[in-house]
Number of protein chains: 2
Amino acid sequence: MTLEHTEEGRSARKRRMIMEAATTLFLRNGYQGTSMDEIATLAAASKQTLYKHFADKEALFSAIVLGVAGTVESFLERIATTLAEPKHLYADLQDIARHYIKTVMQPQVLQMRRLLIGESARFPELTREYYEKAPERVLAALAPELKDLDKRGLLKVDDPVLAAKHFAFLILGTPLDKAMFYGDEIGYSEEELMRLADEGVKAFLRAYRADPS
Amino acid sequence: MTLEHTEEGRSARKRRMIMEAATTLFLRNGYQGTSMDEIATLAAASKQTLYKHFADKEALFSAIVLGVAGTVESFLERIATTLAEPKHLYADLQDIARHYIKTVMQPQVLQMRRLLIGESARFPELTREYYEKAPERVLAALAPELKDLDKRGLLKVDDPVLAAKHFAFLILGTPLDKAMFYGDEIGYSEEELMRLADEGVKAFLRAYRADPS
């Protein structure tokens with residue numbers, strides 16, 4: 001008997017269906033434009049079931065926002081794994097940069113950012129928590145890795161936190177800012193994004209590579 | 001007799017008061033949360049006068065958004081003037097970087113960006129027009145100046161458009177992205193912003209300065 005067929009499995013599956021339905025509606029119609037009734041209908045759940053899982057619309061929204069923030073985990077692991085034993089500095093940073101831009105430029109991540117920015121006056125704490133748990137956490141993970149590359153004599157990094165910010169925005173700056181205004185039809189091809197990642201790494205290495213000694 | 005006392009002067013002054021009142025309300029309560037009645041009351045204007053100047057709420061919002069985009073003009077002039085006769089490359093770019101960060105990090109500009117990003121699904125064309133007339137226009141103005149610095153042998157710039165983006169986001173990247181999520185209590189001091197501008201210019205010059213030949 002698999003988990004799906006137990007009471008616990010059914011409950012977890014229902015919860016996931018509710019969150020998927022709510023994500024779709026929040027990202028399409030905004031927070032105010034979405035009702036618990038609509039969420040229940042799209043999730044094929046009774047109102048009773050819906051409220052058993054989430055006390056109110058705000059609790060459901062919060063769970064979704066923090067769930068999207070959590071998708072950063074696999075990228076953080078990649079940073080740590082790739083830079084634990086750097087083999088070829090450009091190729092290693094390029095790998096990280098390409099995954100960085102792919103992670104952030106996913107339509108669902110962009111939509112969530114737009115929604116949160118627009119709702120930041122209504123949910124100041126949740127919005128900050130998202131920023132701390134997603135964008136800022138990546139910067140915080142990059143900084144000690146760059147410092148380590150300095151210790152290995154590969155980079156010259158006096159201020160690792162600042163260098164992490166420079167790395168991030170040399171890669172993400174333009175496509176991310178533009179995507180905030182342009183919605184999902186921003187029209188960057190995968191090829192263009194990879195080029196922006198590669199050129200960002202090249203500029204970063206020109207600015208931060210250690211002098212050969 | 002000054003313009004203020006003519007019929008035309010009174011009408012222009014009234015229009016300005018309406019726009020100021022509407023800006024205050026839109027930025028505080030959002031587009032949906034603001035009514036033409038409230039705007040008329042705050043501007044001390046009759047509804048008749050209000051509608052004489054602006055056909056509807058959307059026309060008024062559009063005028064305000066494009067007005068904020070227009071504040072980029074004086075910064076564009078500064079770029080052109082400063083780099084027409086570059087004297088000291090670091091000091092000249094530092095001057096531009098410091099004004100850039102000051103211009104973009106003004107509370108009203110940040111609030112307008114947040115509002116537009118949140119409303120981008122409702123006003124896709126207006127939001128794109130803002131992006132083209134403000135952020136993208138600065139990038140478009142920077143690119144030929146950087147190319148010119150390449151011709152003078154001061155920078156090595158193969159792709160001026162890309163170099164302009166790198167310049168912009170080395171300086172603005174972190175404070176701007178964070179400000180989108182943190183609202184107006186982001187708490188960067190003037191001193192911190194100036195340091196971010198200076199360090200951005202230094203990293204840019206390490207990445208793009210021409211080799212001495």
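Summary table
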| read-out | value |
| --- | --- |
| Cα-based convex hull, region A:25-112, per residue volume (Å³, whole number) | 101 Å³ |
| Label point 7 Å beyond Cα along the C-beta direction, distances from residue B:56 to other copies (nm, shortest first) | 3.4 |
| Position residue A:33, label points 7 Å along Cα→Cβ, spacing to each other copy in nm (shortest first, one decimal) | 1.7 |
| Helix runs (DSSP H) in chain B reaching 15 Å along axis by Cα, Kyte-Doolittle at least 0.0 | B:57-70, B:73-84, B:107-118, B:160-182 |
| Amide H partners (placed H, <5 Å) of residue A:155, local residues excluded | A:150, A:210 |
| GNM flexibility winner over chain A from A:24, A:174, A:127 (Cα, springs under 10 Å) | A:174 |
| Rotational relation B to A, axis-closest Cβ in chain B, residue and distance rounded to whole Å | B:118, 1 |
| For residue B:151, label point 7 Å along C-beta direction: distances to other copies, nm | 4.9 |
| Alpha-carbon centroid distance for the pair region B:194-209 / region B:80-153, whole angstrom | 16 Å |
| Compactness of the protein assembly as shown, expressed as Rg and Dmax over alpha-carbon positions, Å | 24.3, 92 |
| Residue-averaged beta-carbon neighbours from other chains (10 angstrom radius) around A:124-133 | 2 |
| Lys pairs, region A:66-208 - Cα-Cα below 26 angstrom, 8 or more residues apart or on other chains | 24 |
| Relative contact order computed over region A:1-50 (Cα-Cα under 8 Å; 6+ residues apart), in percent | 32 percent |
| MRE, 222 nm, helices only [DSSP H, n ≥ 4, -39500 (n - 2.57), over chain B, to nearest 500] | -24500 deg cm²/dmol |
| Bins of 10 Å from zero: percent of alpha-carbon pairs in region B:3-54 | 27, 51, 18, 4 |
| Relative counts (whole %) of C-alpha pair distances in region A:80-213, using bins that are 5 Å wide | 2, 10, 19, 22, 18, 13, 9, 5, 2, 0, 0 |
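Values in this text are rule-based calculations from the coordinates and carry no lab data. Fair warning: this is a prediction, and the values are worked out from it, not measured in the lab. FYI the Cβ positions are ideal-geometry reconstructions off the backbone, even for glycines, and counts take in every protein chain you see.
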